[in-house]
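Visitor: Shown below is the structure under consideration.
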Amino acid sequence: MRKYIFIAIFVLALGLGLAGYWYWQQNPYSKEVLKLEILGPDIALASYEVTYTVKYKNNGDIRLEEPRLIFEFPEYTLLEPGASRRIEIGPEELGDIYPGEEKTFQFKGRLLGKEKEVKTAKAWLSYQPKNLQARYESTTSFSTTVDFVPLTFNFDLASKVEAGREFDFSINYFSSLDYPFSNLGIKVLYPDGFEFIQSAPKGLDNSDFEIVLLNPAEGGRIEIQGKLSGNLNEQKIFKATIGIWKDDEFIVLKEITRGTEITKPQLSVFQQINSQSNYIANPGDMLHYEIFFRNISDEPFQDLFLALTLEGDGFDFDTVKAESGQFQQGDNSIIWDWRSVPKLKFLDQGKEGKVEFWINLKESWSSGEKEALLKSSILISQVKEEFETKVNSKLEISQQASYEDEVFGNSGPMPPEAGNSTTHTVIWQVKNYFNDLKNVKVKAVLPSNVRLTGKIFPESESSKFAFDSGSREIVWMIGDMEAGTGIFNDGPNIAFQISLTPDLNQRNTNALLINEARISGEDQWTESAIEVESDSVKTASPVR
């Protein structure tokens, strides 16, 4: 029995050996004879162009047919428009690979990623040795480390912040890249206890900010205002990332963190203008500023100074009056010190002091910016507060009436005669300076002896022109007006004809043609209703 088992094992081993020898004879090829490699930089700057060289060589004695090369860029590589991350080159371009033949192909792209992140390129080459049915495949890869991201990205945030007090911080960015980037974004992660108030520019959900285009040697800033709550001496950590959106995925380029410590409030500072905390100014106003400071700490303050800086095109700095302060024309600042203000000399716990000054606003000023704003920055001890005051738009209505004009051509005696009709042309012209307005309209009342003739120019305004016979009031509905309308372009205007029939008791006097014109509108910046009135208009000559 054992003899038969031994014979069976021997026959099986012999069969396997013969089969292996036959297979080796039929497939005398090893894929190790094809050398495939990727050459490239070991380290690279993010976004800078890198070149990968794919190289292969047939070190065998057999021709390799139907080759197909596939190269795959590292994930998130930035390529030329229309290019694919995975590139395939077929036998039509490669041709057969003869013994000893060597070829190279180059692929260029820009790596995206964080510092010290490893990016891997891959290559595959499949082929069929001559006279063999089987296909073989060689693979290789190459890794590059992102050594540096040439983007300046940092926080400008104080190391200490008072609990419950509004404070500002900013995120600065600057590109040293050699390539313009679009679709960049900044994400901010706020710590627990942070209350967002506002930002410039505005972001999505107050934490995502879009950078449409960032050219080389350009940068920007995101300014954020908020409040922090927490325990005394507690550390609060702010985080931010800058990256690029690609195929609906956010690729992080840089991450930053910054900590700040919560401290106890020392001084409370606030201002009033014309006895109001939320005053809305008007062009031409005289502003009375009162700056209040209160000691809310456990210790008294001594030998303080208070500095205030004004910013705004509307200020007339030649009109500043600060009895106990010193005005510096160069930087538009006023400084009060303890020598002139007793409460700055010694401010006990719970006590409050005040400084004040007066300044006029200009009647008008040239500003290409919409939404007129006045700013005041106050610094006392180590406490800094900034206040903003909105300014209503300046709305103007010009009302004129004349006998001689080229619009309608008037008729009737001139000078006017009692009992006889004489026509005049009334012209209204409107200007809006600083802010966008809605629902703008002009109203005026005609005297009892003046009537409309029905002539209006331009005709397009006739649908906005109305007259109430009972109240004798004219209403011209202008509608919305953008800031600068009538200043940087032609403003709304209308001409209409009236007919005056003077009474006998108006002889030897200039007869009233039209009463005061009142223009009103809703300021979209200040959310206030504004109204301006022009003078009434009389005849140029006395009635005969």
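Coordinate-derived values only; no laboratory data. Because the structure is predicted, anything quoted here is derived from the model rather than measured. In this analysis, Cβ positions are derived from the backbone assuming ideal geometry, glycine residues included, and neighbour counts consider all displayed protein chains.
Visitor: Once Lys and Arg get +1 and Asp and Glu get -1 on their Cβ, which of SER376, GLN271, ASN392 lies farthest toward the positive end of the dipole of segment 269-407?
Guide: With unit charges placed on the Cβ atoms, the residue in question is GLN271.
Visitor: Moving on to the next point. On a full-extension model of 0.36 nm per residue, what is the gain between ASN274 and SER182, subtracting their alpha-carbon distance, rounded to one decimal in nm?
Guide: 28.4 nm
Visitor: If you don't mind, there's one more thing I want to ask. Here are several values of percent of Cα pairs over 33 Å apart: (1) 68; (2) 46; (3) 65. Which one was derived from the coordinates shown?
Guide: Only one listed value fits the structure, namely (1).
Visitor: What number, in percent, do you get for the relative contact order of segment 185-291 if the mean sequence gap of Cα pairs under 8 Å and at least 6 apart is divided by its residue count? Please report the intermediate quantities before stating the final value.
Guide: Numbers: 150 pairs, mean separation 25.7, N = 107.
Relative contact order, segment 185-291: 24 percent.
Visitor: Let me ask something else about it. Against the longest alpha carbon principal axis of the chain, how many degrees, from 0 to 90 and to the nearest 10, is the axis of helix 2-26 turned?
Guide: 60 degrees
Visitor: Restricting to DSSP H runs of at least four residues, report the calculated mean residue ellipticity at 222 nm for the chain, -39500 (n - 2.57) per run over all residues, nearest 500 deg cm²/dmol. Kindly include the intermediate steps, with their values, before the conclusion.
Guide: Details: 3 runs with 33 residues, N = 544.
Calculated at 222 nm, the ellipticity per residue is -2000 deg cm²/dmol.
Visitor: I need the calculated FRET efficiency for the pair GLN133 and GLU255, taking r as the beta carbon distance and R₀ as 56 Å, to the nearest 0.05. Show your work: numbers first, answer last.
Guide: Values: r = 53 Å, r/R0 = 0.95.
Between GLN133 and GLU255 the formula returns 0.55.
Visitor: Compute the length gained on full extension between ASP156 and GLU533: take 0.36 nm times their separation in residues and subtract their Cα-Cα distance, giving the result in nm to one decimal.
Guide: Extending this stretch completely gives an extra 130.9 nm.
Visitor: Name the residue farthest towards the positive end of the dipole of segment 267-390 from the options MET286, GLN349, TRP365, assuming +1 on Cβ of Lys and Arg, -1 on Cβ of Asp and Glu, about the Cα centre.
Guide: Comparing the listed Cα positions along the dipole, GLN349 ranks first.
Visitor: Then there's this: Whose amide H sits under 5 Å from the amide H of TRP525, counting only residues 5 or more places off or on another chain, with H placed in the peptide plane?
Guide: ASP436
Visitor: Separate question: Taking amide H positions as placed in the peptide plane 1.01 Å from N, state which residues far from LYS351 in sequence (5 or more) or on other chains have amide H under 5 Å from it.
Guide: ASN295
Visitor: Over segment 91-227, what is the relative contact order in whole percent, taking alpha-carbon pairs under 8 Å and six or more residues apart? Numbers along the way, then the final one.
Guide: On the way: 204 pairs, mean separation 28.6, N = 137.
Across segment 91-227, relative contact order equals 21 percent.
Visitor: Taking 0.36 nm per residue of separation and subtracting the Cα-Cα distance, what length does fully extending PHE174 through GLU473 add?
Guide: 101.7 nm
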